[in-house]
Structure formats: C-alpha cells, structure tokens
Amino acid sequence: MFHVPCSKFYNKGFTFVELIIAVAILVIMAAAISAFFVSLYKEQTSNIARIGRIDAAGKAIEKMSGEIRKMNRAENGIFPLEVVQEQVLVFYSDVDNDGLTERIEYSLDGSVLKKKLIEPGDSLDYSGEETTTAIVDGIRNGTEPIFKYYDENYTGSEDPLSEPINVTSVKIIEVILDINADEKYLSSPLRAETKVHPRNLRNFE
C-alpha cells in the first residue's frame, strides 16, 4: 500500500494578547477621531458665534453713531449733551425723526448695553415714561470705558478728556465695545470702536 504524503495546514487564530492589543489600537484611533471632530465642532461653533457678535456689534455701533451724530439742543433749551461719563452717555437727539428731540441715555447694565428714551412730552420737560431697550449684550468692557471724549484740539494722538468733563468742551465721542463672541471658546474679546463727530456741537459753546 502506498501512502501519498499530504501537506498539513495549520490555521492559527489571534491569541488573547493580540486581541487585546488590537482592541486597544481601535480604541485609541476612535478616541483620536472623536477628539478631532469635537475640536472641529468647537471651532465651527466659535466661528459662528464670533460672526454673530461681530455683526451685532457692528449694527450697534452704526445705530449709536447715527443717533450721536445728529444730537441737538433739547426742546426745553438744554445743551445737547447732559451726562458724559466713561460708561454713561446722556444726550438729546431726534432719533425717531418726528421733529422733536428725545432724551437718550446709553448705559451698561452688567453685560448689556441699554438705551433709555424719553419723549419731551407736551410740557417739553422730559418727565414722561422712560422706554428701555437692549442695544447689544455680551459686552466685556467691565470697568473699562465705553465712551471717551475729546475736545476740538484732538488730532488723533491726544489723550481723552478726564472726568469731570465740561460738556461744552466735547467735540468728538469715541464708542468702544468689547464683545464676548462665546465665553466658552473665545480667549480674548472682540472690539468694535468708532469716533463720532456730532454735527451740531460746533454750533454751541
């Protein structure tokens, strides 16, 4: 009887140690991929918030500049500027284009910049009801100035006027808003600022 030799094939599977190593590699890869997508999500969230805050700050600056620029004497004869402080500005301006100057106050309440408006009323004494609206929130100025004031000698490099400020000396008003785009992801505030030259202040002393 003849015996034909045959090849023996040995199917060798993963050992327990190899299986553990393979699982560990998969876990590490999954964690790395997950961390990448989380980082990407946070970056996109921060960018979206940043764009939103920039847009809000830009609109706030534009609106405030327009109202400050056309300030005028109050209906009862009061000077156009009433209060000039680092975080409070009170002035008179026809912001609703009704032919009468309203009393406007910009002030910071926590992180919200608010606008308070009083119509002159029939007696022109501004004793009527006050309307308050939020201009923009997320302000991070803290104790730093929102408003800075300059006199007619300002050429671009001089320091702002120091308090107490004589309202008749003010010819330029700088508005500075530090905006918090998203406090969870943004390490430094965004800043929107502009200098406004009220047209009618040059007519008063």
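Observations, loosely collected:
- Fraction of the pair-distance distribution of region 43-203 above 25 Å, Cα-Cα pairs, percent: 34
- Normalising the average separation of contacting C-alpha pairs (under 8 angstrom, six or more residues apart) by the number of residues puts the relative contact order of region 43-203 at 24 percent.
Here, each number is a calculation from the coordinates, and none is a lab measurement. These figures come from a predicted structure and were not determined experimentally.
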